[in-house]
Every structure is written in C-alpha cells, then in structure tokens.
Amino acid sequence: MADPLDPAPLAPWWRGGTIYQIYPRSFQDTDGDGVGDLAGVEARLDHVARLGADAVWLSPIFPSPMADFGYDVADYCDVDPMFGDLAAFDRVLARAHDLGLRLLLDFVPNHSSDRHPWFLDSRSSRTSPRRDWYIWRDPAPDGGPPNNWISDFGGSAWEWDAATGQYYLHAFLAQQPDLNWRNPDLRAAMLDVLRFWLDRGVDGFRIDVLWHIVKADGLPDNPVNPDWRPGITERDRLIQRHSTDQPEAHAIAAEFRRLTGGYDGERLLVGEIFLPNDRLARWYGTPGAPGVHLPFNFQLIEQPWDAAVLARVIAEYDASVPAHGWPNWVMGSHDAPRIAARVGECQARVAAMLLLTLRGTPTLYQGDEIGIGEVPIPPSQVRDPQELRQPGIGIGRDRSRTPMPWTGDAANAGFSTGEPWLPLNPDWRTRSVSAQEGDPGSMLHLYRALLGLRRATPALMLGSYEPLDGPPGVLAYRRRLGDEAVSVFLNLTAGQVTVPWSGTVLLSTLDGAAEPGTLHPNEGIIVA
Ligand code: NOJ
C-alpha cells in the first residue's frame, strides 16, 4: 500500500493507472467486413491515449470459431484472420508503447475451443496422449451426466461424446471444453502461452474466469440454491461450491505471478473473479506467494445505485483488501449492462466521477466515455450465445458490444464501410466521439478532465480513502496522501441537497459554478 506519509511514493504504474477495455470486434473495422480488427485498434489508440488511460486490455484476438466471440480459443499463440495476424498485433503493441500505453491481452485458461488441436486430440480416443488435458468422465449409473453441474450459459455442464463413450465438462458452451489444470503437461503448455506473449512484449493479462480454473476432486454435486426462482439465469439454480474457487487454484495464480514477475517492467495480472470480499481477497495470495495483482471487483456493477448502499460496499471492500494488495473498480464491460443505460445519462456523469476518484485502479469500458446507453437489439439481430440460449430474461450482452460510433457524419458512424455485426447505438448521429469532441460539456470532455485531474493529483491516484458523512442520497469521501487531501461529494439523486462543503472546486460534473453548502441535482464535485 502507498505510504500515506510519502507524497511521492514509488508506486508501480498500475496502482495509479487506469485500464481501458477494448472489445476489438466493435472498436474499428478497416477491411469493411463489419467486424473490428487490429489495424482498427492501431488506428484508434490515440483516442485512448488522449483520454488519459494508462493501459489497454484487448478482449480475445486469437483464432476462434467465435461461438463465444473469441472466448473459445482454437490457438493461444496466433491471431484470428478476422482481426489480422501476428505482424498486425506487433504493430498495435508498438503503437501502444509509442503512445505511452501498456497493453494487456485476455488469457482464457479455463477452457479452449472444441476446435483447438489439443481438444481434437483429446477427444480422438480414450488413450490419446492429451485425453487428460480436458475433464472426461463416465456417465452416471443411469447413463446421464456425471454430476448435476449447470453450464453458466444454461443446461448441463456435460456434453456426451458418443465416439469415446464419455462426457466432457464445459462450464460455458459445449464448444468451450474445460481444460484440466490438474494435469502437469497441460499446465506447462499454458505457461508457455504466457511466455509466448510476454516475450513478444505484452505488459500483462486479464485472466478470464480465473476462479473456475480448478474443480473439486471427485467432482461432487453442487448444492441447490434455495433462492433461485424462475426468470433468473439457470446457472444460479446451484451454488457453484465445487466447480469454482478451489484452494488449489491459488497455487496456479501464484505460478502465473512468479512467471510474469520474472519479466522486467511490472507486468500486470488482473483476474476475472466474481466472489464476496473475503474470498476475493484471497486471490491476492500472500506476501510470500502473491497471486494476481488485481482480482477484479465488480461491485459497482452489481450493487443498486444508492448512496447508502454504495458507501457501505465501498468501505467494506476497501477494508477487505490486504496490506500487500491494491483495490480496483470496474463500472462496465462487454458482459455487463451499460452504466448510462442503468442509471441514466445524468447519473452516468456522477458514476464516472465515482469510478475515477475511488481508491483503486479503475477499468473503463469502451463507449462509456461517450455515455452510450441502452441499445435495443431486435430478436433477429441477437448474436450473444447467452441470450440465444436463455432469451428474454435480461441477460443479453449484445447491448454492450455494439460498435464504437466515431463520427456522426459518415456511414455506420465511421466504424465500418460494411454492415456492422451488431447495430449501432440509435443516437450515433449525435452521440459519437467527434460530436462530443466539439462539445466542452460532453461526457468525453468530462472523462478527459477526470483522468487528467487524477493523474495530476497523487492523493486521487494513491491516497487513502476516508468516508465522510453526507445527507441521504449523497456519497462523500476524502482521499489523502501526505499533505494533500481532496474531497468528493456525489449527489446520487435528481434533487437539490444541502451538504456542508467548502473549498476550491477542482472539477464538477455540471456546467456552471458550484454553490458551497449545496449540491445541485445530479451534481458531483471534487474539492481541494
Ligand atoms: C467471461 C468473459 O468476459 C465472457 O465474455 C465469456 O463469455 C466467459 N468468460 C467465458 O469465457
């Protein structure tokens, strides 16, 4: 943790830094096929640098049948032709580094594609050398699946293979067989994947569903969730006690950390993990055997937009982070609903201020910086396998994966000369990067100002978090580092409130002068 008495601590870049997630399919297309590509990422990286982010995380770019849009990897050490090739990747990396941005790749260790040569080999016979690289089991005595586990995308987590007379496990789609991390050869092969990209110069990884990586020995049935009711996702019929978050997984995270720690330049590991605070904190590992640097914290996405709830959640999370760890916050992703759709445009500005002033590394999701809101996806245009398998219960992810609108006066918002793979936000003619560029009151300018202020204010990057009292509907806290202290007052309501604040306003979410002692509707301020 940063020493609160040292105003200029030598913190690694990722503590004070901000991560920007790019979903490459939807960032910029350059070849007219309606799907984004690496040349497009290269061309648009200056947008991310200008915004003021420090690192880019690229969702998967590897060869894939795209059953789960790249989270079904058929070759961990290459680039899908849809996105380009290794040379195009090297150009993205070089451009990022020229702009002062770090680049993180998406490492998908829990499962591969069913077209991966490893799986083809594994499934070819019971005696194949790679049979045990995946999780195969005999049927239950009644011929059904070996246990009651449910796929995160609905239905049994087991797929029958008639040719070899066994089932294989898949926590997600049947096209995403789970890898067996108890097998030492598989483990060695996957560590080689990390080396391949680290040697190429990547600055780290976001690790997909890290807490799924090991299953309980013996694969016992998962307990039934008494709180499940129709209308919520089928996955939640069971509590994933035996299929996720196993103690053995921490040794694997520590192995990833040792491996990356052997490289220069503070390479970063971010783990995608959905767990309550106490179990999340364990993924930092121990001071002697650290795990990932940042186990993703999704609570701003999961919790209701309510000042009292958020104040409690923030304090509890902050307190749960061990002294050798560092907090982080996520407000959006290619899986989660858009923040502006959830809380409305006015509060999305307050949300931006919250995300960028909390103690911990923020992760921004592409498009949130221009406030993309709800994008209706007509049933005929749904592409997300999760929505296709469990339609109509509000878990579709396409609405957050729609293309970036770069300009309001070119076809398809400048995203592609061809028909985009998903529809654009309906207001793209007015809500685009170029439209907001010309409007100093826009969300884009607010994000830039917030990131600029954060970078210029060590207390915001690295300081302690102290909750302040506020009236109902207001979230208030102070960040302090050495002699520097800034306070943040966020009105999470659409009403005017009286708040005893005074001082110099460094930034407001609203145009016009802030009034001491008051917060206007939807106003957030940072005060020195
Ligand atoms: C989490 C990813 O973010 C999501 O998009 C994907 O479907 C699952 N992991 C499976 O890889």
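The values are calculated or read from the model by the stated rules, or taken from the named source; none is laboratory data. Since this is a predicted model, take the numbers as computed values, not measurements. Here the Cβ is made from the backbone with ideal geometry for all residues, glycine too, and neighbour counts use every protein chain on show. When the accessible area is computed, the model is the full protein with side chains, heavy atoms only, and any ligands, DNA or RNA have been set aside. Shrake-Rupley method; radii C 1.70, N 1.55, O 1.52, S 1.80 Å.
When region 369-383 is filtered for residues that are in a loop (DSSP other than H, G, I, E, B), open to solvent by 10 Å² or more (accessible area, probe 1.4 Å) and not acidic (Asp, Glu), the ones remaining, listed by number, are Gly373, Pro376, Ile377, Pro378, Val382, Arg383. Looking across region 24-53, the residues that are crowded, with 20+ Cβ neighbours inside 10 Å and touching a strand residue (DSSP E or B) at 6+ places or on another chain (Cβ under 8 Å) come down to Pro24, Val41, Leu45, Val48, Ala53.
When the test is whether a residue is in contact (Cβ under 8 Å) with a residue 40 or more places away in the chain, under 23 Å from Ser59 (Cα atoms) and either open to solvent by 60 Å² or more (accessible area, probe 1.4 Å) or in contact with a His (Cβ under 9 Å, 6 or more places away or on another chain) (or both), Gly271 passes it.
Give the residue that is nearest to the ligand (Cβ to nearest atom), with candidates limited to residues of region 99-115 that are open to solvent by 10 Å² or more (accessible area, probe 1.4 Å) and in a loop (DSSP other than H, G, I, E, B). Lay out the reasoning, then the answer.
So in region 99-115, the residues open to solvent by 10 Å² or more (accessible area, probe 1.4 Å) come out as 99-100, 102, 114-115.
Subset that is in a loop (DSSP other than H, G, I, E, B): 99-100, 114-115.
Numbers: Leu99: 25, Gly100: 27, Asp114: 13, Arg115: 15 Å.
Residue satisfying both the conditions and the ranking: Asp114.
Residue by residue, here is whether (1) open to solvent by 30 Å² or more (accessible area, probe 1.4 Å); (2) in contact with a strand residue (DSSP E or B) (Cβ under 8 Å, 6 or more places away or on another chain) holds:
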residue	(1), (2)
Ala341	yes, no
Cys346	yes, no
Leu356	no, yes
Pro362	no, yes
Gln366	no, yes
Pro385	no, no
Arg389	yes, no
Gly394	yes, no
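Would you mention how many residues in region 52-71 are within 12 Å of the ligand (Cβ to nearest atom), among the aliphatic types (A, V, I, L, M) and closer than 21 Å to Ala87 by Cβ? Summing the residues that are within 12 Å of the ligand (Cβ to nearest atom), among the aliphatic types (A, V, I, L, M) and closer than 21 Å to Ala87 by Cβ in region 52-71 gives 0. Keeping to region 191-215, report how many residues are away from the ligand (no atom under 16 Å from the Cβ) and open to solvent by 10 Å² or more (accessible area, probe 1.4 Å). Qualifying residue count, region 191-215: 8. The single condition among (1) open to solvent by 40 Å² or more (accessible area, probe 1.4 Å); (2) part of a loop (DSSP other than H, G, I, E, B); (3) within 16 Å of the ligand (Cβ to nearest atom) that Arg399 does not meet is (2). Among (1) in contact (Cβ under 8 Å) with a residue 60 or more places away in the chain; (2) open to solvent by less than 10 Å² (accessible area, probe 1.4 Å), there is one condition Pro458 misses while meeting the rest; what is its number? Unmet for Pro458, out of (1) in contact (Cβ under 8 Å) with a residue 60 or more places away in the chain; (2) open to solvent by less than 10 Å² (accessible area, probe 1.4 Å): (2).
Candidates in region 130-167 are the residues that are hydroxyl-bearing (Ser, Thr, Tyr) and away from the ligand (no atom under 16 Å from the Cβ); of these, the one that is most open to solvent (accessible area, probe 1.4 Å) is Ser156.
Criterion first (open to solvent by less than 50 Å² (accessible area, probe 1.4 Å), over 26 Å from Glu248 (Cα atoms) and either of a type outside the set (Asp, Glu) or touching a Gly at 6+ places or on another chain (Cβ under 9 Å) (or both)) does Ile314 satisfy it? Spelling it out, Ile314 is indeed open to solvent by less than 50 Å² (accessible area, probe 1.4 Å), over 26 Å from Glu248 (Cα atoms) and either of a type outside the set (Asp, Glu) or touching a Gly at 6+ places or on another chain (Cβ under 9 Å) (or both). If you filter region 130-143 down to residues that are touching a residue at least 12 places away in the same chain (Cβ under 8 Å) and assigned to a loop (DSSP other than H, G, I, E, B), you find that the one that is nearest to Leu179 (Cα to Cα) is Ile135.
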